[in-house]
Each structure stands twice: as structure tokens, then as C-alpha cells.
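The values are calculated or read from the model by the stated rules, or taken from the named source; none is laboratory data. Source: prediction; values computed, not measured. Methodologically, a virtual Cβ is constructed for each residue, glycine included, from the backbone with ideal geometry; neighbour enumeration extends over all protein chains shown.
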Amino acid sequence: MPAKGKHRRTKSNRLTRGIAAAGTGGAVVALPLLGATGAHAAEQAAPAAAPAQAVAHVKAAAPATAKAAPKTYSVVRGDYLSKIATDHHLAGGWQKLYKDNRRVIGADPSLILPGMKLTLGTKNTAAPRPDHQSTRSSGKNGDEAPRASRGGERSSAPAAPAAAPSSAPAAPSSAGTTSSSGWVAPIAGAGMSTPYHQSGSMWSSGYHTGVDFIASTGTPVHAVGPGTVYSAGDGGAYGNQVVIQHADGTFSQYAHLSSIAVSAGQTVSGGDQIGLSGATGNVTGPHLHFEMRTGPEYGSDIDPLAALRQHGVSI
């Protein structure tokens with residue numbers, strides 16, 4: 001009996017263990033189901049993470065978009081507009097580059113200075129470059145237009161105040177021999193330094209647009225021919241300047257004057273004193289920069305000496 005009882009107890013225990021095992025087995029069977037459900041939930045949750053990944057991707061792509069924006073270029077020594085346009089493969093060439101940055105460069109595209117910030121590829125909205133506060137590379141005999149440095153830079157001298165408007169005729173003054181047509185040289189007996197059309201990469205036009213007469217500060221400057229003063233005053237990089245319109249449709253320009261003796265609208269004759277030579281604007285020394293043009297603005301230059309000779313001036 002004890003043995004049988006023990007056996008029965010053993011069976012009972014085994015049955016209990018079996019039920020426990022079955023229970024455990026049920027739990028085991030259930031666990032994989034729960035695990036499968038969890039895995040399935042994880043799989044369904046994965047698409048929800050996709051938008052976050054997309055946002056991260058968009059954020060990562062943002063710098064690439066920014067790179068496509070217009071670039072800002074800082075002018076260095078030796079630069080000129082056509083070189084910059086060629087180096088950066090700009091559509092429209094230097095003319096488009098100048099148009100987009102005219103407010104920074106000013107009225108003369110040949111006068112760009114190291115440190116200027118130019119926008120490449122779109123119109124620039126930067127503030128205009130203040131006149132007379134820039135530095136300029138040294139040029140031959142005070143030439144005002146070079147970009148490439150050939151001996152350092154100096155601050156430009158401030159332009160002296162323009163003369164007060166006056167309707168009185170310009171004061172006649174000896175200007176050397178006057179031709180039969182009434183035309184004279186702008187400075188009597190002065191030698192010349194930088195000639196017209198001297199080529200060089202320092203000018204955006206590729207050449208010097210006028211002729212420079214050697215003259216110390218205070219030398220009388222004369223109207224080369226009869227005409228009407230088109231403008232008189234601050235000419236930016238040209239300093240104090242006078243522009244005269246002549247009867248034949250040409251214009252004469254006199255730049256870097258230390259003082260001005262005429263005003264816009266005033267009538268002058270050949271040989272009349274219109275001011276005194278000086279070193280205002282972007283220059284390295286006193287001289288007279290003289291141009292002849294077919295229009296009042298930069299870029300319409302013609303050979304000034306040839307124009308004077310056509311009017312009988314021996315020069």
C-alpha cells in the first residue's frame with residue numbers, strides 16, 4: 001500500500017506537474033504569439049518613422065540648395081571685370097557683371113578696388129560704394145585707373161567743394177596758342193604721361209580712356225573749345241571734374257581738379273579757365289586726366305589728341 005500509495009501520489013504529482021506543464025506549455029505557446037504580435041507591431045511602426053527620416057533627409061539636403069544661391073566674390077589685386085566674368089563663366093560677360101554690381105562699383109567699370117564685394121549671378125542690392133573713401137593702386141605718373149598694384153595703394157584725396165552756381169562767363173586766361181577755330185590745349189605747354197589707349201589688364205575696357213597731362217596742383221586748366229558746361233562737381237573716382245558739351249556734339253572731360261571755376265549751364269569759349277589741376281579722386285599724384293567723348297558718360301571715349309588736332313590744335 002505504501003508503495004502503491006506512493007505511486008499514486010507520484011501519479012498525482014505527475015498529473016499536477018502535467019497540468020503545470022500544460023499551463024506552462026500554454027504560456028509557452030502564448031509567448032510566441034505575443035512575440036509575433038510585438039514583431040508585427042514593430043513592422044507597422046516602421047512606416048511611421050519614415051516621415052522623420054524624410055525630414056532628416058530634407059534637412060540634410062538644405063545645404064546643397066544653399067550652395068546653388070548666388071555667390072559673393074571679393075576683388076583682389078590684379079582683378080578686372082572681364083577677368084572675373086571669364087574665370088567664373090558668367091553669362092553676359094563683364095557687362096552683365098557690371099550691371100548687377102553698379103551700385104557697388106560706381107559709374108566707372110574700370111574702377112574696381114581690392115576688397116570690393118561683387119555678387120555673381122544676380123543683381124546686387126548692396127549699398128553704393130562711397131566715393132573718395134577707397135584706396136587705389138599706384139599707377140604711372142598718377143594715372144587713376146589701374147587695378148593691378150604697381151607700387152602700393154594710397155587713400156584718395158577728398159574732392160574740394162564745387163564752385164557755387166554762377167551765370168557769369170568763365171574768366172579768360174592765357175592758354176597758349178589758340179587755333180583759328182577757337183580750340184586750345186587744356187594746359188599750355190604741358191607734357192603727357194599715360195597716353196590714350198594704352199593697353200593693360202588693369203582697365204576693364206582694356207585700355208586707358210583718356211590722356212594724362214603732367215601738372216602740379218594749382219595749374220590753370222582751360223576749356224579746349226567753345227561750348228556749354230554739361231556738369232561741374234564731384235565725379236566720384238575722377239574727383240572734381242568738369243564736362244563740356246561742344247557744338248560738334250563731342251564732350252570734353254577734365255578730371256582731378258583742385259578747384260572748379262564754372263557751373264553747369266554756363267557758356268565757355270576755348271581758352272577760358274575752368275579750374276585748377278589737382279589730385280582729387282583716386283589718384284597717386286597731381287595731374288590732369290583729359291578725355292574727349294561722343295557722350296557725357298564713361299565708355300564713349302575717342303582719341304583726345306586726334307580730336308584736338310582736327311580742330312587745329314598743335315599738340
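Checking each residue in the stretch 181-219 for being surrounded by fewer than 19 Cβ atoms within 10 Å (Cβ to Cβ) and not in a loop (DSSP other than H, G, I, E, B) picks out M192, S199, Y207, I214. Confirm whether A264 is within 33 Å of the chain's Cα centre (by Cα), closer than 14 Å to T280 by Cα and not polar (S, T, N, Q). It is false that A264 is within 33 Å of the chain's Cα centre (by Cα), closer than 14 Å to T280 by Cα and not polar (S, T, N, Q).
Of the candidates A126, A160, the single residue that is in contact with a helix residue (DSSP H, G or I) (Cβ under 8 Å, 6 or more places away or on another chain), surrounded by fewer than 19 Cβ atoms within 10 Å (Cβ to Cβ), closer than 24 Å to G239 by Cα and modelled with pLDDT under 50 is A126.
Going through (1) more than 25 Å from the chain's Cα centre (by Cα); (2) surrounded by fewer than 21 Cβ atoms within 10 Å (Cβ to Cβ); (3) assigned to a strand (DSSP E or B) one by one, G233 falls short only on (1).
Count of the stretch 261-282 residues, restricted to those that are outside any loop (DSSP other than H, G, I, E, B) and within 22 Å of G189 (Cβ to Cβ), is 8. Within the option set S252, S269, being at pLDDT 95 or above, among the hydroxyl-bearing types (S, T, Y), surrounded by fewer than 24 Cβ atoms within 10 Å (Cβ to Cβ) and assigned by TED's automatic domain parsing to the domain that holds G191 holds for one residue only, S269. One residue stands out among those in the stretch 283-315 that are part of a loop (DSSP other than H, G, I, E, B) and among the β-branched types (V, I, T): the one that is surrounded by the most Cβ atoms within 10 Å (Cβ to Cβ), which is V283. Looking at A171, is it modelled with pLDDT under 55 and surrounded by fewer than 19 Cβ atoms within 10 Å (Cβ to Cβ)? For A171, the condition - modelled with pLDDT under 55 and surrounded by fewer than 19 Cβ atoms within 10 Å (Cβ to Cβ) - is met. Let me confirm something: among S231, S314, S252, which residue is among the small types (G, A, S) and more than 26 Å from Y98 (Cβ to Cβ)? Just one listed residue meets the conditions, S314.
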